[in-house]
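Worksheet: the structure to be examined is printed underneath.
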Amino acid sequence: MHTSSNNAVTGLEKQLGLLLYQPYKLMIFLPILIFSTNLIGALVVVLMALGLNRFARMLPVLWARINALSSLSRVKVSGRQHVDPHQSYVIVANHRSHFDILAVYGWLGIDFRWVMKQELRKVPALGIACEKLGHVFVDRSDSDKARASIEQVKAEIREGTSIFFFPEGTRTAADGSLVRLADQDRSRWDVALI
């Protein structure tokens, strides 16, 4: 999965586009992102409390698509035919920007739980919504707690529910290199690795 770009755009056109995008980002995109995150987060909490889990799990997809579209991003998905929605997977990806989250949530098309850094639990609306959705927070400052979180995740992967994480724990280096999972780490999971 990747965002599309037009390779025919010249350097000057690209710089002009980035310059013009900044006011749009501040006056249009960021307010939509903040409002939708709080609204969808609150709705997720309410729906989960009412036992309407299936509907609550659809809302983040809507949130991601609204925000990707309002950011003027285009997402192109390829290879989806190779993914069985009834199988559980461990999904790993590069984390180049916040848009990765929008692309994955909005267009991956399978049920998954994020493994995310503990600090995100403190973000209003987002933290509580992620907790209610069953996402797993990892305390990266304490390796024992981090391992316990991963064991919790392994127990929850079943019947088509997958787990998603950025293995480097933060955004990827500028060269796009993905932090490699060691073979012994792969063998710990009893599911397919995407």
Review point. Name the pairs: first residue in segment 98-127 and free of Cβ contacts under 8 Å to residues at least 40 places away in the same chain and of a type in the set (Lys, Arg), second residue open to solvent by less than 40 Å² (accessible area, probe 1.4 Å) and assigned to a helix (DSSP H, G or I), Cβ to Cβ under 6 Å, at least 6 apart or on different chains?
Key: 121/127
Point to revise | Scope segment 113-152; condition in a helix (DSSP H, G or I) and among the polar types (S, T, N, Q); matching residues | key: 118, 143, 149, 152
Revision key, fill the gap. Segment 1-112: helices (runs of 4 or more DSSP H) wholly inside it with 3 or more residues that are out of contact with any strand residue (DSSP E or B) (no Cβ under 6 Å at 6 or more places or on another chain) and loosely packed, with under 15 Cβ neighbours inside 10 Å are 11-24, 30-49, 53-70
Point to revise | Flag for residue 157 being more than 13 Å from the chain's Cα centre (by Cα), open to solvent by less than 30 Å² (accessible area, probe 1.4 Å) and touching a residue at least 60 places away in the same chain (Cβ under 8 Å) | key: yes
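The values are calculated or read from the model by the stated rules, or taken from the named source; none is laboratory data. Quantities reported herein were computed from a predicted structural model and do not represent experimental measurements. Methodologically, a virtual Cβ is constructed for each residue, glycine included, from the backbone with ideal geometry; neighbour enumeration extends over all protein chains shown. To get the accessible areas, we keep the full protein, side chains included, count just its heavy atoms, and leave off ligands, DNA and RNA. Shrake-Rupley method; radii C 1.70, N 1.55, O 1.52, S 1.80 Å.
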